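Peer 1: This is the structure I have questions about; it appears just below.
What follows is calculated from the coordinates using simple rules that are stated; it is not laboratory data. Nothing here was measured: the structure is a model prediction, and the numbers come from that model. FYI the Cβ positions are ideal-geometry reconstructions off the backbone, even for glycines, and counts take in every protein chain you see.
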């Protein structure tokens, strides 16, 4: 009668599976609490970071919107463009930052465990994490500037599609303005 000896690979596989089971946590990590996420937001200085980042993004978006309006409606007056600029500034100024942060908490809780949140808090409290947070507004501005030409091409393509749709609607006898009347030139 032949004795079957397990191969070395099988022994290693079984041993590694046993080790993995012993070292693996028996229960999933505990969920992050609202307070855990709020602590992370404090360490990240999210509230202080949001305003400059929103301002930077809206400045870049404002430039793109102005250029698009000038291309699409060359007769648009400087006064009308100034009104659009003011409208965008008011939009950012009236942004409910605290409420937006509150809305983000359950999203963080959904995607990150307490261990994850604690690790991120540790990182953002470190000198490197703090440097990242200090540099974030500049990174955002420079990133937006670097991608401006690409985004402008996309905006131009979108406006061409909108023009085509408007032309098709007019041919069908439907008048569907693509740009809001408040932005149209008289």
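Peer 1: Mind checking the full-extension length gain between residue 82 and residue 100? Use 0.36 nm per residue of separation minus the Cα-Cα distance, one decimal, nm.
Peer 2: Numbers: separation 18, 0.36 × 18 = 6.48 nm, distance 2.78 nm.
Computed gain between residue 82 and residue 100 is 3.7 nm.
Peer 1: Could the peptides 106-113, 52-59 be put in order, highest first, of the mean number of other beta-carbon atoms found within 10 Å of their residues?
Peer 2: 52-59, 106-113
Peer 1: Something else: How much length is gained if the chain between residue 45 and residue 150 is pulled fully straight, taking 0.36 nm per residue apart and subtracting their Cα-Cα distance, in nm to one decimal?
Peer 2: Computed gain between residue 45 and residue 150 is 34.7 nm.
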